[in-house]
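The structure appears right after this line, and notes come after that.
The values are calculated or read from the model by the stated rules, or taken from the named source; none is laboratory data. Quick caveat: nothing in here was measured; it's all calculated off a predicted structure. Here the Cβ is made from the backbone with ideal geometry for all residues, glycine too, and neighbour counts use every protein chain on show.
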Amino acid sequence: MAPAWLRPGTLPNLKLPSWPWRFTWLYLGLVLFLPLGAISLKAAGVGPAGFWELATTPEAIASYQISFGLAVVASLINGVFGLVIAWALVRCRFPGQRLLDSLIDLPFALPTAVAGLALAAVYGSENGWLGEPLYRLFGIKVAFSAIGVAVAMVFISLPFVVRTVEPVLRSLEKEQEEASWCLGASQAQTFFRVVFPQLLPALLGGIAQGFSRAVGEYGSVVMISSNIPFVDLITPTLIIQKLEEYDIDGATVIGSVMLLFSLASLLVINLIQVWGQRYQATSTAVG
Amino acid sequence: MTFVVPELEIYEPPQPPKGGAHTNLGKKLAAAIIPLTACLYVGLVILAPALSIVVQAFAKGIQPFLDNLTSPELLSAIKMTLITAAIAVPANTIFGLAAATAIARKKFRGKALLLSIIDLPFSISPVVVGLMLVLLYSPSNGVFGGLINSLGWKIIFSWPGIVMATIIVTFPFMAREVIPLLEEEGWEQEEAAKTLGANNWQVFWMVTLPSVRWAALYGLILTTARALGEFGAVSVVSGNIRGETQTLPLFVEDAYKQYQTELAFGAAAVLGAVALVSLLLKFAVELLLEQDKKAQQIKPDA
């Protein structure tokens, strides 16, 4: 018998042939589920007590503190400046705007190893363009310190905030602000009471995406960090070190912690998006 | 008789209240502060590092740069990178298009979940991606270790591992670009083609693919750029053997670590140029996408 979509009576409910569907699942299975299964299996093999012990060694905890702590700092810095940049791109007109706009995408396009090399060169305290003056004038050592790691994280996560806030800012209706001014609100009041609440979901979403990316980032950070445990050794580097020392269990456990973190952050980002959409839906319904 | 012509000044708009000039200046300053801050920040964080690559690569002139490019290890790294991309990009393109046609126009429970699963590689750390492959295919510790040993294959510390790592890291790009576009567009054109007797392949090649061509091209550019530049996941599985399993990004790091700074910057400049080209292409495709959208918006009215 002919498949359902070939039968004339059932033409309106066209159904795609199932092979793209099958191929999708096969590919996902090979490329994603199989590796995920492998790490779950190996992590389960360690056992709960062993897992906890390996996940909470002082070395591992120090690396979480460095990775997560610096990623929070980096994504908050980007939250502020990303908002400023998005505002400049949408609401201001100035020479070089196009260039600024395309530079924002560079961290996405530039391979992370190249980014790390470039940052290490610019922020090196001996002869870097920016690192040398910073060291000479303020005694701040950027490259090969925790600050350098934060700079790399800032570099890598900047586009997220700008590119999520920008479209929302662009779609805001100027009338709302005008109404707010007409009702006697000051500029600050208009910004914080009218504009900012509408940008908040996008801003938080961008910060969360940037944070998640910064925590997992390896290529650019490893080049600018001195990779000393308890000082500026990030969790991904620790995983690689464990692998190089043939400590497979240690690597598996810390890798699973990172994996759980990414799943959780994905969930949070999705929730923020859902919240943002609901917020937009109600605001357009009211407006 | 005389006509009284009113003085023109009368029609001037009312002046702003006192202090207007002052607030204007303040406003101008405030207006300038935001773009200035934005430019300064981007200059420090993005532009300066990007420029430093170019400056360092050409620090000793063009000839040494070209000499660096002919280093056999660098050439072999370029070859490895190109081979990897040549396998990973077509595979992911096919997956992306298949996934998009399979998922985009269906409504089913867990669709959002499936889309999140496809996005998963974006949020997993590249190092963890590499680790997962090691745990799966490593001959000594992998889940499939025994099988791979008995078959005599080499996946980890060899090119298949590098290709797989690249595939995992880059597969969401295509699906992600094409799915929203297919969701937006209706079924009507495909239905029409089918009623006119086209088979599935014909519908795909002549209706679906042309309607998403720019988005697919956009996805292709993003996939290629990332495949050429992937570092973290590849570094875990490659073994980093110079002249054999080293890709271009790995070569950059290795040369830098071994104090071959010029070589590192030469290779970085090559990768940077690729990134620049991908940005330019992306920009061009964005323009085309916009034009396409405009053209389609006009259609229903005509």
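Here are the numbers for this structure:
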quantity: Residue match in region A:213-222 (condition: in a loop (DSSP other than H, G, I, E, B) and at the interface with chain B (Cβ under 10 Å from one of its Cβ atoms)); calculated: yes
quantity: Hey, B:A48 small (G, A, S), modelled with pLDDT under 85, surrounded by 12 or more Cβ atoms within 10 Å (Cβ to Cβ) and under 43 Å from the mean Cα position of the chain (by Cα) or not; calculated: no
quantity: Filtered residues of region B:238-263 (kept if within 11 Å of chain A (Cβ to nearest Cβ) and within 23 Å of the chain's Cα centre (by Cα)); calculated: B:T247, B:L248, B:P249, B:L250, B:F251, B:V252, B:E253
quantity: Region B:41-71, residues that are more than 7 Å from every other protein chain (Cβ to nearest Cβ), part of a helix (DSSP H, G or I) and over 17 Å from A:I156 (Cα atoms); calculated: B:V54, B:V55, B:A57, B:I62, B:Q63, B:P64, B:F65, B:L66, B:D67, B:N68, B:L69
quantity: Yes/no for A:L199 being more than 10 Å from chain B (Cβ to nearest Cβ), over 17 Å from the mean Cα position of the chain (by Cα), within 16 Å of A:T57 (Cα to Cα) and surrounded by 20 or more Cβ atoms within 10 Å (Cβ to Cβ); calculated: no
quantity: Hey, B:L113 in a helix (DSSP H, G or I), more than 10 Å from chain A (Cβ to nearest Cβ) and surrounded by fewer than 18 Cβ atoms within 10 Å (Cβ to Cβ) or not; calculated: no
quantity: Given (1) within 30 Å of B:I94 (Cβ to Cβ); (2) within 9 Å of another protein chain (Cβ to nearest Cβ); (3) surrounded by fewer than 18 Cβ atoms within 10 Å (Cβ to Cβ), number of the condition A:P20 does not satisfy; calculated: (3)
quantity: All positions within region A:85-123 that are more than 25 Å from B:G266 (Cα to Cα), free of Cβ contacts under 8 Å to residues at least 60 places away in the same chain and crowded, with 20+ Cβ neighbours inside 10 Å; calculated: A:A88, A:L100
quantity: All positions within region A:92-102 that are at pLDDT below 90 and at the interface with chain B (Cβ under 8 Å from one of its Cβ atoms); calculated: A:C92, A:F94, A:G96, A:Q97, A:S102
quantity: Checklist (1) over 21 Å from the mean Cα position of the chain (by Cα); (2) within 11 Å of another protein chain (Cβ to nearest Cβ); (3) closer than 25 Å to B:T93 by Cα; (4) modelled with pLDDT of 85 or more applied to B:E190, failing item; calculated: (4)
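Okay, residues lined up against (1) closer than 27 Å to A:A74 by Cα; (2) exposed (fewer than 14 other Cβ atoms within 10 Å of the Cβ); (3) modelled with pLDDT of 90 or more:
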site: A:V231; (1), (2), (3): yes, no, no
site: A:L238; (1), (2), (3): yes, no, yes
site: A:L243; (1), (2), (3): no, no, yes
site: A:G250; (1), (2), (3): no, no, yes
site: A:V257; (1), (2), (3): yes, no, yes
site: A:V274; (1), (2), (3): yes, yes, no
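The rows are residues; the columns are (1) at pLDDT 90 or above; (2) on the phi < 0 side of the Ramachandran plot; (3) in a helix (DSSP H, G or I); (4) surrounded by fewer than 24 Cβ atoms within 10 Å (Cβ to Cβ).
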| position | (1), (2), (3), (4) |
| --- | --- |
| B:L220 | yes, yes, yes, yes |
| B:A225 | yes, yes, yes, no |
| B:N240 | no, no, no, yes |
| B:E244 | no, yes, no, yes |
| B:A255 | yes, yes, yes, no |
| B:Y259 | no, no, no, yes |
| B:A264 | yes, yes, yes, no |
